[in-house]
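See below for the structure under consideration.
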Amino acid sequence: MSGDIFDGQPSDPDQLAEIYDLEHDEVIEDHAFYRELTRRHPRAVLDLGTGSGRLLPAFVEGGAEGVVAVDGSPALLRRAKARIATDPQLARAAGDQRLSVMEGDVRRLDRAVLRRKLGGGASLVVLAGVLPHLDGPEEALRTLAGMAGMLGRSGVAIIDDIGPGLLPARDLPLSLDWRREVNGMEVVRRSQLMRREAPEGLRVVFSTIVDVGRPDGTIARLPASHRLWYPYVDALRSLFREAGLVEELAYGSHDLDPLGADSERRIMVVRRAVD
Ligand SMILES: C[S@@+](CC[C@H](N)C(=O)[O-])C[C@H]1O[C@@H](n2cnc3c(N)ncnc32)[C@H](O)[C@@H]1O
């Protein structure tokens, strides 16, 4: 299976990536958290599943000496490159060879290439919002083991996802999510969610229909559907052990609240197990 989340969708990937950014780009509540982490581990940051590079400003502002950002979606990487080109501090970092983006599948990291780009092991590896896109424990284990292999001895990795408090407790029927005006066009998003509890975590099918009203009165309809997986915390912890990672801390928010059953985030800080 490809590492491109838009592969096989019945809509144009660049349009889906643009819609994705409408929802994700304005989220900055975690920037202070990632700036501070970078300050503590500045040598080489590896952002796995960077998307359109939403977190890149936090790494650069945190004083990263080098950042490599990887994603499986060419359409999102095009947006990440456009972000770098138009943001002066990111453009400067890229110009100084301190920031680069590359296409790659987090389940099959090319460690030799990444180590060369990072000048060795990473001081900080970030996997934010990516785990749910993997197919389940087997793919997660491959990804986590790859991350462990990329970590320098004193490096830390962050696995940051929606927390137990925000996971859907029931199926959600097709409903209107939002309606906005974008470049003079009305954009309407509807979505539907189906969930199933499995031993390894919550399985979700999240389907969206985005209607873009064109100036001539016609409507472009962009359907998409994603299978998502939210591992239970215990299942994730045993995957860490198998992958050669040890948990250092677990937070329930980017303000460092403890992780609990109602937490909105599930942020795990892990290190390589000592050999
Ligand atoms: C919810 S987004 C998070 C983006 C970014 N980390 C952030 O926090 O804004 C998930 C990202 O993971 C990427 N992704 C999912 N599966 C992947 C895979 N197997 N290999 C590489 N990237 C993947 C998607 O393309 C998407 O950009």
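So with the 1.4 Å probe, I'd like the accessible area per residue for the chain, rounded to whole Å². Numbers along the way, then the final one.
Numbers: 13220 Å² over 275 residues.
Accessible surface, normalised per residue, equals 48 Å².
Normalised radius of gyration for region 35-138, please: alpha carbon Rg relative to 2.2 N^0.38 Å, two decimal places. Please list the in-between numbers first.
Values: Rg = 12.9 Å, N = 104, 2.2 N^0.38 = 12.8 Å.
Region 35-138 yields a ratio of 1.00.
Let's see if you can work this out: charge +1 on each Lys and Arg Cβ, -1 on each Asp and Glu Cβ, no other charges. What is the dipole magnitude of the chain about its Cα centre, in debye to the nearest 20?
On the way: 36 positive and 43 negative charges, 152 e Å.
Dipole size: approximately 740 debye.
Would you be so kind as to identify which of V269, T208, Y230 lies farthest towards the positive end of the dipole of region 181-269, taking Lys and Arg as +1 and Asp and Glu as -1 on Cβ and the Cα centre as origin?
Checked the options; the winner is T208.
From the square roots a ≥ b ≥ c of the eigenvalues of the alpha-carbon gyration tensor of the chain, which class results: rounded (a/c under 1.5), prolate (a/b over b/c), or oblate? Please report the intermediate quantities before stating the final value.
Details: a/c = 1.80, a/b = 1.24, b/c = 1.44.
Judged from the Cα gyration tensor, the chain comes out oblate (a/c at least 1.5, b/c at or above a/b).
Which value, in debye to the nearest 20, describes the size of the charge dipole of region 123-275 about its Cα centre when Lys and Arg Cβ atoms bear +1, Asp and Glu Cβ atoms bear -1, and nothing else is charged? Don't jump to the answer; show the numbers that get you there.
Working: 19 positive and 22 negative charges, 61 e Å.
Magnitude of the dipole: close to 300 debye.
In the calculated pair distance distribution of region 215-275, what percentage of Cα-Cα distances lie above 15 Å?
On the way: 1172 of 1830 pairs.
Counting pairs separated by more than 15 Å, the tail of P(r) holds 64 percent.
Any idea of E65's accessible area? Nearest 10 Å², probe 1.4 Å.
We get 110 Å² for E65.
Using a 7 Å offset from Cα along Cα-Cβ at H133, what residues in region 74-107 end up with backbone N under 13 Å from the label point?
Under cut-off, by backbone N: 74-80, 102-107.
Ratio to report: Rg/Rh of region 41-84, with Cα atoms as the point set and Rh obtained by the Kirkwood method; give two decimals. Show your work: numbers first, answer last.
Working: Rg = 10.1 Å, Rh = 10.4 Å.
Rg/Rh for region 41-84 comes to 0.97.
Among the DSSP beta bridges whose two residues both lie in the chain, what percent are antiparallel, rounded to the nearest 5?
Working: 46 of 65 bridges.
Percentage antiparallel, nearest 5: 70.
Given points 7 Å out from each Cα along the Cα-Cβ axis, report the D257 to M102 separation in nanometres with one decimal.
Once both label points are built, they end up 3.9 nm from each other.
Whole-Å semi-axes of region 1-88's equivalent ellipsoid, largest first, each the root of 5 times a Cα gyration tensor eigenvalue? Present the calculation step by step, with values, prior to reporting the outcome.
Numbers: eigenvalues 126, 36, 24 Å².
Working from the Cα gyration tensor, I get semi-axes of 25, 13, 11 Å.
Rg to Rh ratio, region 115-232, alpha-carbon atoms and Kirkwood radius? Before the final figure, lay out each step's value.
Numbers: Rg = 19.1 Å, Rh = 17.1 Å.
Taking Rh as the inverse mean 1/r over Cα pairs, Rg/Rh reads 1.11.
Could you pull the accessible area for R35 with a 1.4 Å probe, rounded to 10 Å²?
70
Which of G184, L22, P132 sits closest to the plus end of the dipole of the chain, meaning its Cα is farthest towards the positive end, when Lys and Arg get +1 and Asp and Glu get -1 on the C-beta?
Result: P132, furthest along the dipole toward the positive end.
How big is the dipole moment of region 3-70 about its Cα centre under a simple scheme where the beta carbon of each Lys and Arg is +1, that of each Asp and Glu is -1, and everything else is neutral? Debye, nearest 20, please. Walk me through the numbers on the way to the answer.
Numbers: 5 positive and 15 negative charges, 125 e Å.
Dipole size: approximately 600 debye.
At a threshold of 8 angstrom on Cα-Cα distance, excluding pairs fewer than six apart, so keeping six or more, what relative contact order does region 1-84 reach in percent? The partial results should precede the final answer.
Details: 106 pairs, mean separation 29.3, N = 84.
This gives 35 percent for region 1-84.
From the helices alone, meaning DSSP H stretches of at least four residues, give me the mean residue ellipticity at 222 nm for the chain, per-run term -39500 (n - 2.57), in deg cm²/dmol to the nearest 500. Let's see the in-between values first.
Details: 8 runs with 82 residues, N = 275.
Helices in the chain give a 222 nm mean residue ellipticity of -9000 deg cm²/dmol.
The values are calculated or read from the model by the stated rules, or taken from the named source; none is laboratory data. These numbers were taken from a predicted model, which means no experiment stands behind them. Because the Cβ atoms are built from the backbone with ideal geometry, glycine has one as well, and the counts that use them run over all protein chains shown. Heads up: the accessible areas ignore ligands, DNA and RNA and are worked out on the full protein's heavy atoms, side chains in. Shrake-Rupley method; radii C 1.70, N 1.55, O 1.52, S 1.80 Å.
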